[in-house]
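Asker: Dropping the structure in here first, questions after.
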């Protein structure tokens with residue numbers, strides 16, 4: 001037996017949100033991996049450009065409730081620290 005009424009609606013909403021959250025997190029993870037590779041190669045210009053994209057993605061995820069604001073701030077801060085360490 002399936003859920004009825006508002007419980008069924010809640011299940012549909014949860015599934016939609018789960019898929020959206022998964023897509024957003026996957027995109028951020030991919031950007032993070034790419035950014036770390038570029039940082040490892042000491043390409044500061046390229047990394048700076050990609051960092052902007054990374055920060056935008058993280059901020060959007062925060063607005064949509066995927067990440068808590070402090071979690072997002074921590075992610076951006078750690079990445080900026082690595083970016084600034086490039087000579």
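Asker: Within the stretch 16-26, identify whether any single residue is assigned to a loop (DSSP other than H, G, I, E, B) and exposed (fewer than 14 other Cβ atoms within 10 Å of the Cβ), and answer yes or no.
Answerer: No, the stretch 16-26 contains no residue that is assigned to a loop (DSSP other than H, G, I, E, B) and exposed (fewer than 14 other Cβ atoms within 10 Å of the Cβ).
Asker: With the checklist (1) surrounded by 14 or more Cβ atoms within 10 Å (Cβ to Cβ); (2) free of Cβ contacts under 8 Å to residues at least 12 places away in the same chain; (3) part of a helix (DSSP H, G or I) in hand, flag the one item residue 12 doesn't pass.
Answerer: (1)
Asker: Kindly list the number of the only condition in (1) free of Cβ contacts under 8 Å to residues at least 40 places away in the same chain; (2) out of contact with any helix residue (DSSP H, G or I) (no Cβ under 9 Å at 6 or more places or on another chain); (3) in a helix (DSSP H, G or I) that fails for residue 60.
Answerer: For residue 60, the exception is condition (2).
Asker: Taking residue 31 as the residue in question, decide whether it is out of contact with any strand residue (DSSP E or B) (no Cβ under 6 Å at 6 or more places or on another chain), modelled with pLDDT of 95 or more and within 14 Å of residue 51 (Cβ to Cβ). Write out each step before concluding.
Answerer: Numbers: out of contact with any strand residue (DSSP E or B) (no Cβ under 6 Å at 6 or more places or on another chain): yes; modelled with pLDDT of 95 or more: yes; within 14 Å of residue 51 (Cβ to Cβ): yes.
Here the answer is yes, as residue 31 does meet what is asked.
Asker: Output the number of the condition that residue 42 fails; it satisfies all remaining conditions of (1) in contact (Cβ under 8 Å) with a residue 40 or more places away in the chain; (2) surrounded by fewer than 14 Cβ atoms within 10 Å (Cβ to Cβ); (3) at negative phi.
Answerer: Of (1) in contact (Cβ under 8 Å) with a residue 40 or more places away in the chain; (2) surrounded by fewer than 14 Cβ atoms within 10 Å (Cβ to Cβ); (3) at negative phi, only one is false for residue 42: (3).
Asker: Evaluate the following for residue 7: is it surrounded by fewer than 12 Cβ atoms within 10 Å (Cβ to Cβ), modelled with pLDDT under 95, out of contact with any strand residue (DSSP E or B) (no Cβ under 6 Å at 6 or more places or on another chain) and part of a helix (DSSP H, G or I)?
Answerer: Yes.
Asker: If I go through the stretch 63-74 residue by residue, how many of them are assigned to a helix (DSSP H, G or I) and surrounded by fewer than 19 Cβ atoms within 10 Å (Cβ to Cβ)? Spell out the reasoning first.
Answerer: Start the filter on the stretch 63-74 by keeping residues that are assigned to a helix (DSSP H, G or I), which leaves 63, 69-74.
Of the ones still in play, those that are also surrounded by fewer than 19 Cβ atoms within 10 Å (Cβ to Cβ) are 63, 69-71, 73-74.
Final tally of qualifying residues: 6.
The values are calculated or read from the model by the stated rules, or taken from the named source; none is laboratory data. Nothing here was measured: the structure is a model prediction, and the numbers come from that model. Because the Cβ atoms are built from the backbone with ideal geometry, glycine has one as well, and the counts that use them run over all protein chains shown.
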